[in-house]
Amino acid sequence: MLPAVPDDLTSTAGIVALVAGGLALVALICVAVLIARMRRLQAAQTFILGERGERDLVAHAQSLHQAFEQLHTRTGQVFDKLEERLGNGERRLDRSISHSAVIRYDAYNEMSGRQSSSIALLDDTGTGVVMSSILHREQARLYVKGVREGKSEFELSPEENEAIKHALTDGDSD
């Protein structure tokens, strides 16, 4: 036997039936809205994860995290190597010629136009060489003396001392 259908919608059974029908309609609309949202979410997830769909969003986030950790580790290693190379380069630069000065003079007081010269080539510690070229009418002589921390083990001429002094103070003289 089938339950009786109320003839009158104003009776208690009729009102309950209308409310139940309204609730069912609201539930149906909610289900349709949720289905639409779920499809948008799936489309967005497919866009992020790709078409394979074998992984979920959490697994994808874990794989991204692992990839970022690997990238961070590799970047740190490369940075350490670059820092080491930079340190080596700076140590080599400290030993390179970075200060120089030339002093020109007339070695024999012959009024020959200051053809003789002394040049100091030094690194940041004042170590290097001082070279003097003494020119005379019939001959030319070149003297080279080592310099360590601005001093030489050999006796220096006044022009050589002046060249070292100007090189260490980064002053150019002529």
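Worth pointing out:
- The residue pairs whose first member lies in the stretch 98-115 and is of a type in the set (Phe, Trp, Tyr), whose second member is exposed (fewer than 13 other Cβ atoms within 10 Å of the Cβ) and modelled with pLDDT under 85, and whose beta carbons are closer than 9 Å, counting only pairs six or more residues apart or on different chains, are Tyr108/Arg137.
- Matching option when the condition is modelled with pLDDT under 90 and either loosely packed, with under 11 Cβ neighbours inside 10 Å or part of a helix (DSSP H, G or I) (or both), among Ala44, Ala32, Ala27: Ala44
- Considering residues of the stretch 95-119 that are β-branched (Val, Ile, Thr) and closer than 12 Å to His166 by Cβ only, the residue least open to solvent (accessible area, probe 1.4 Å): Ile103
- Complete set of residues in the stretch 155-171 that are assigned to a helix (DSSP H, G or I) and either of a type in the set (D, E, K, R) or farther than 14 Å from Ser132 by Cα (or both): Glu159, Glu160, Glu162, Lys165, His166, Ala167, Leu168
- Apart from one condition, Leu86 fits all of (1) in a loop (DSSP other than H, G, I, E, B); (2) at pLDDT 90 or above; the exception is (1).
- Flag for Ile15 being out of contact with any Gly (no Cβ under 9 Å at 6 or more places or on another chain), surrounded by 10 or more Cβ atoms within 10 Å (Cβ to Cβ), at pLDDT below 90 and over 30 Å from Ala61 (Cβ atoms): yes
- Exactly one residue among Asn161, Asn88 is without any contact (Cβ under 8 Å) to a residue 12 or more places away in the chain, surrounded by 15 or more Cβ atoms within 10 Å (Cβ to Cβ) and out of contact with any Asp or Glu (no Cβ under 9 Å at 6 or more places or on another chain), and that residue is Asn161.
- Residues of the stretch 120-153 classified as exposed (fewer than 12 other Cβ atoms within 10 Å of the Cβ) and either among the polar types (S, T, N, Q) or part of a loop (DSSP other than H, G, I, E, B) (or both), total: 5
The values are calculated or read from the model by the stated rules, or taken from the named source; none is laboratory data. Being a predicted model, the structure only gives us computed values, none of them experimental. Cβ atoms come from the backbone with ideal geometry, glycine included; neighbour counts cover every protein chain shown. To get the accessible areas, we keep the full protein, side chains included, count just its heavy atoms, and leave off ligands, DNA and RNA. Shrake-Rupley method; radii C 1.70, N 1.55, O 1.52, S 1.80 Å.
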